[in-house]
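**Student:** Below you'll find the structure I mean.
The values are calculated or read from the model by the stated rules, or taken from the named source; none is laboratory data. A quick note: this is a predicted structure, and the numbers were derived from the prediction, not measured. Neighbour counts run over all protein chains shown; Cβ positions are idealised from the backbone, glycine included.
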There are 2 protein chains.
Amino acid sequence: MAKPRHERLDCSPGCTVEATLGLIDGKWKGVILFHLFEGVLRFNEIRRRLPNVTQRMLTNQLRELEADGLIVRTVYPQVPPKVEYSLSERGRSLEPVIMALKAWGDVHAPIHQKAA
Amino acid sequence: MAKPRHERLDCSPGCTVEATLGLIDGKWKGVILFHLFEGVLRFNEIRRRLPNVTQRMLTNQLRELEADGLIVRTVYPQVPPKVEYSLSERGRSLEPVIMALKAWGDVHAPIHQKAA
DNA sequence: CATCACGGTATCCTTTTCGACACTATGGGC
DNA sequence: GCCCATAGTGTCGAAAAGGATACCGTGATG
């Protein structure tokens, strides 16, 4: 979980780029974080926002984000279970980064090789 | 090459985050781009800056970056061969994104769980 | 009594990634 | 004649990522 992508980060100054990338990489983490910027979400609320994610993957990604200290998992000892996910301080500090990614993506829209 | 990480990007507004991520993800792309911001580099110059990358991987990553239109590959028909890699306009436009990644990484340095 | 919703696990299997290694062609240095 | 550097390519195989599916306990609902 949350293993660094490079064991040996002897890759000159630019390695912190990869270090950050390693945290938000992971196929769904970017979007999960993005949605959490809007506010606290429950497990199935996230799931509904990500139609193609499986339960297992979502659990995985959330656990990794938690292990990296980016999100906080709050379990309410109830039945049926209630679990809320929210951003930690560290996670919130990623906002400019995620927004930079989104801003670029919005402009350079590689979605359909720029249709229209 | 340069396949989107999600075939179906029906992941609400946040999907452009993943779209961008999909371009600069890939274990070495971030660092490669970072080094190219400093200037044009030859194949082996990049290789020397990334001590742990194999030839095959470096070639792969460069080809994907090229396919995504982020870098330009210039071959000089000489012997021994000379190939230069430089950023395209599109690639250069990623600078704020890469720098945001680096800035966060520098501050939150997950390198050794924040020693000292 | 059967089913749904909740927030997961566990298992299996396929796909993708990535490192190691060998090989290519040419020209220059020793 | 042999090895070095350049910029790759090809193949192999291990490891990791990721998808499909089934299962868990509980309480409310029908």
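**Student:** Looking at region A:68-108, which of its residues are within 20 Å of B:M99 (Cβ to Cβ) and among the charged types (D, E, K, R)?
**Tutor:** Selection gives A:R90, A:R92, A:E95, A:K102, A:D106.
**Student:** In region B:26-47, how many are more than 10 Å from DNA strand C (Cβ to nearest atom) and crowded, with 21+ Cβ neighbours inside 10 Å?
**Tutor:** 6
**Student:** Sort through B:L62, B:L58, B:L101, B:L50 and tell me the only one that's more than 16 Å from DNA strand C (Cβ to nearest atom) and of a type in the set (A, V, I, L, M).
**Tutor:** B:L101
**Student:** For the list (1) modelled with pLDDT under 95; (2) within 7 Å of chain A (Cβ to nearest Cβ), I need the number of the one condition that B:P96 fails.
**Tutor:** Result: B:P96 fails condition (1) only.
**Student:** Report the residue count in region B:29-50 for those that are assigned to a loop (DSSP other than H, G, I, E, B) and either within 10 Å of another protein chain (Cβ to nearest Cβ) or away from DNA strand D (no atom under 15 Å from the Cβ) (or both).
**Tutor:** Qualifying residue count, region B:29-50: 3.
**Student:** Is it true that A:V53 is touching a Cys at 6+ places or on another chain (Cβ under 7 Å), within 14 Å of chain B (Cβ to nearest Cβ), within 16 Å of DNA strand D (Cβ to nearest atom) and modelled with pLDDT under 95?
**Tutor:** Judged against the criteria, A:V53 is not a match.
**Student:** Kindly indicate whether any position in region A:68-87 is in a helix (DSSP H, G or I) and within 13 Å of chain B (Cβ to nearest Cβ).
**Tutor:** no
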